[in-house]
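Asks: Just passing along the structure, written as C-alpha cells.
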Amino acid sequence: MHWINWIILGIAVVLTGAGGLAILYQLFNGLNRTGLNDRYVWGLNIQGFFTLSSYAAGILTIISAWILMGLPDPGGIFAPAGTLAFGFLISSQILLGSDLGRPLRALYILKGRNFISPLTWDFVTLMILTLCSFLLMFNLVPQNVFFIKVWALVTLLTSLLCIVVHTIFFIPKVEAGYNSHPFSSLDIFSGSIWSGAAVMVLMSTGLDLQKTFLGFLLVFSIIVFASSAGAFIASKLGRTEHKNIKFLVINGVIILGLVAENLVLKEGLFAGPIIAVLVLFAVFIEKYDLVTEYQGKPSLPLPYSMFEKITPYKPSIIELGSLVASFSLSVVIFYAVYIFKLYILPFVLSWF
Amino acid sequence: MRYGMVIDLARCVGCGACTIACRGQNGTPAGINFNKMKKYEVGTYPSAKMKAIPMPCMHCDNPPCLKVCPTKATVKHENGIVTIDTDLCIGCRACIIACPYDSRQFIWKMNNYYENQNETPFEKHQYKKYQKGTVVKCVFCIDRVNEGLEPACVHTCLAGARIFGDLDDPESEVSRLIADHGGVAFKAEIGTEPCVYYING
C-alpha cells in the first residue's frame with residue numbers, strides 16, 4: 001500500500017477515535033449535549049446520515065445498473081467501491097442510532113413493523129444495502145450470470161427505494177404545489193447518483209477509466225445544475241425565498257472545473273479527485289439546506305406565526321465530533337477491508 | 001365515536017388559563033407545553049389588536065405522526081384520541097417533523113420549574129410518566145375523558161371558549177356549533193382531517 005494511503009488511514013483512525021467518543025457519549029446518554037431545540041429537532045447527525053446513505057445508494061445504483069447492462073467490471077473497481085459503500089452504510093447507521101433520544105431502543109423498529117413509516121423502510125433498505133455491499137466487497141456473489149443479475153436487480157431497486165424514502169419525511173408538513181416540498185425526488189435521486197459517480201472517479205484514480213467516470217460526472221452535474229437552477233428561477237419568479245443558493249454555486253464551480261479539466265488541464269494530476277471531493281461536499285451542503293434550513297420556517301401560516309421565536313441552531317461539539325467520526329469511520333472501514341484482503345486473507349487462506 | 005373540540009375565537013380572551021390547567025393536569029416538565037397559545041396581531045396602527053389562538057394537538061383523523069412512527073408508539077384510540085406510548089418511543093423525532101401543527105415536543109431534558117432546586121413532591125410524582133429522550137403531546141386528558149370528564153383546558157376555560165364532544169354525533173354541541181358557525185380546521189387542505197375546529201375567527 002502506498003505511503004499516502006497509510007497517512008490517510010492514520011488520520012482517519014485518529015479522527016474516528018476522537019469523534020467516536022462523541023458517538024459513544026450520545027449512544028449511552030441520549031441527546032444530552034446538542035444544539036438542537038424545539039424548532040430544529042433534526043440537525044447535523046441527520047444531515048450526515050442522509051449524506052452518507054445517499055453516497056452509498058449512489059455508488060450501488062451505478063454499479064448495479066452497470067452490471068444489469070451486461071458490462072464487465074471496469075478495472076476491478078467494483079469491489080473497492082462496494083467497500084466504500086459498505087463503510088458509508090455502517091457509518092450512517094451508527095450516526096442515526098446515536099441521534100435517537102433512546103438509542104438502546106433502536107431495535108424496537110423491528111418489533112413495531114409499521115410498514116407505512118418511512119423510517120421503517122429506511123431501516124429495511126439500509127439493512128439490505130449493507131448486506132448487498134458486503135457480498136460485493138468480498139466477491140461473495142456466486143460468479144454466475146443469473147446470481148449476479150439478481151444481486152444487481154435487488155441492489156438497484158433497494159437503492160432507489162432508499163433514496164425515495166428520504167423524499168417523504170417532510171410530506172405531511174407542506175402544502176401541495178410545485179417546489180413546496182424540500183425533498184423533490186428528482187433532486188434527491190440526481191444528488192445521490194452524482195455522488196456515486198464522484199466516488200467512482202476517486203476509485204478510478206490512475207486508471208484510463210477515470211475519463212469515462214468524469215464524463216458521467218459532467219452529465220450528472222448538468223442534470224443536478226439544471227434541476228436546482230430551475231428551482232432557483234421558479235422561486236425568484238414566485239418571489240419566494242430560495243434555499244439552495246450555496247448548492248447551486250458549488251455546482252456551477254464543479255461544472256466549470258470538469259470542463260476545464262477536459263479542455264485545459266488534459267492530464268491534470270489531481271483535478272479529477274479534487275472535483276469528486278467537491279461533489280461529495282456539495283451533496284453534504286445540499287442536505288444541510290434540505291434538512292436543517294427547512295426546519296427554520298414556521299409551520300403555521302401568517303399571521304399565526306408572526307411572533308414565533310426561532311432559536312438558531314448551532315451544532316455542539318458532540319454533534320461535530322459524531323459527524324467527523326462517522327465520515328472518517330467510512331475511510332477506516334475501507335482501508336481495514338483493503339488491508340485484510342491484501343495482507344491477512346492470503347495468509348489465512350494459505351493455511352488451508 | 002370521534003372526540004373533537006371547538007374553539008370559539010370570539011370568546012377566547014387569550015388569558016392562558018387553559019395552558020396552566022393543562023400543565024397542572026398533565027404535570028409536564030418545565031419547557032414542555034401541550035397547549036400552545038399563539039399570539040398574533042390584526043389590523044394596523046392605531047387600531048391594531050393583539051389576538052390569541054390556542055393550539056392543542058389536533059388529534060387528526062388521518063394523523064401523519066402515526067404513519068411515520070416506526071415503532072407504533074403513536075396510537076389512535078377508538079374514540080379518536082391520539083396518544084404516545086412512552087415506553088415504545090425511540091426518540092427519532094420523525095413525528096415532530098411530520099406534524100404540520102407543531103403539536104409535539106421532545107423532552108431534551110427533565111427540567112424542574114424551580115431552577116437549581118430539587119423536584120417538588122408534585123413534580124416527583126408527575127414526572128414518573130415522562131422519560132427524557134421521548135416525544136410528548138396533548139392527549140385530550142384521556143384519563144379524565146375516560147372517566148366521563150372534560151379535558152382540563154375545557155373545564156377551566158373561564159370564557160367558555162372551548163367545547164368538547166363527539167364529532168360523529170350530529171346532535172352533539174360540537175357538531176352543532178361547527179355546522180351553525182362554519183367551523184374551520186387548521187390546514188385541512190393537506191388531508192390530515194383535524195378534530196379541532198375554530199369558529200368565529
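Any read-out appearing in this document is the output of simple, stated calculations on the displayed coordinates, not a laboratory observation. Predicted model, so just to flag it, every value in this text is computed and none were measured. Virtual Cβ from ideal backbone geometry, glycine too; neighbours counted across all protein chains shown.
Asks: Could you pull out every residue, at least 5 positions away or on a different chain, whose amide H is within less than 5 Å of the one on B:Met55? Hs are placed 1.01 Å off N in the peptide plane, and Pro or chain starts have none.
Replies: Here B:Lys36, B:Met37, B:Lys38 satisfy the definition.
Asks: Please enumerate, by chain and number, the aspartates and glutamates with C-alpha under 14 Å from the C-alpha of A:Lys309, excluding those fewer than 8 residues away in the same chain.
Replies: A:Asp38, B:Asp102
Asks: Which value at 222 nm does chain B reach when only helices count, each DSSP H run of 4 or more adding -39,500 (n - 2.57), with the total divided by all residues and rounded to the nearest 500 deg cm²/dmol?
Replies: -5500 deg cm²/dmol
Asks: What Kirkwood hydrodynamic radius do you get for the range A:75-161 when you take the inverse of the mean 1/r over all pairs of distinct Cα atoms, in Å?
Replies: 14.2 Å is the Kirkwood radius here.
Asks: Mind telling me which of A:Leu186, A:Leu84, A:Leu300 comes out most flexible in a GNM of chain A, alpha-carbon contacts under 10 Å?
Replies: So, out of A:Leu186, A:Leu84, A:Leu300, the one fluctuating most is A:Leu300.
Asks: Residues of B:47-59, mean number of Cβ from any other protein chain within 10 Å of their own Cβ, rounded to a whole number?
Replies: 1
Asks: Moving on. Give me the inter-chain shielding for A:297-303: mean count of other chain Cβ atoms within 10 Å, whole number please. Before the final figure, lay out each step's value.
Replies: Details: counts 0, 2, 6, 10, 2, 1, 7.
Per-residue shielding by partner chains comes out at 4.
Asks: Now for a different question. For a quick check, take a GNM of chain A with Cα springs below 10 Å and name the residue from A:Leu237, A:Leu157, A:Leu290 with the largest mean-square fluctuation.
Replies: A:Leu237
Asks: Which order do the peptides A:111-117, A:309-315, B:95-101 come out in when sorted by mean C-beta neighbours inside 10 angstrom, highest first?
Replies: B:95-101, A:111-117, A:309-315
Asks: For peptide A:116-125, how many partner chain Cβ atoms fall within 10 Å of a residue's Cβ, on average?
Replies: Mean inter-chain Cβ contacts per residue within 10 Å come to 4.
Asks: Give me the mean projected area, in nm² to one decimal, of the convex hull enclosing the Cα positions of the range A:194-352.
Replies: Averaging across all directions leaves 14.4 nm² for the Cα convex hull.
Asks: Follow-up question, since we're still on this one. If the viscosity is 1.567 mPa s and the temperature 4 °C, what translational diffusion coefficient in µm²/s does Stokes-Einstein give for the range B:67-176 when Rh comes from Kirkwood over Cα pairs? If you can, show how the numbers build up before the last one.
Replies: On the way: Rh = 16.2 Å.
In µm²/s, the coefficient rounds to 80.
Asks: Given the pairs A:Lys246/A:Lys287; B:Lys36/B:Lys187; A:Lys236/B:Lys38; B:Lys38/B:Lys109, which are separated by over 20 angstrom at their Cα positions? If you can, show how the numbers build up before the last one.
Replies: Numbers: A:Lys246/A:Lys287 11 Å; B:Lys36/B:Lys187 17 Å; A:Lys236/B:Lys38 30 Å; B:Lys38/B:Lys109 24 Å.
Pairs exceeding the cut-off: A:Lys236/B:Lys38; B:Lys38/B:Lys109.
Asks: With only alpha-carbon atoms counted, please give the Rg and Dmax of chain A, in Å.
Replies: Computed over the Cα atoms of chain A, radius of gyration and Dmax are 20.7, 75 Å.
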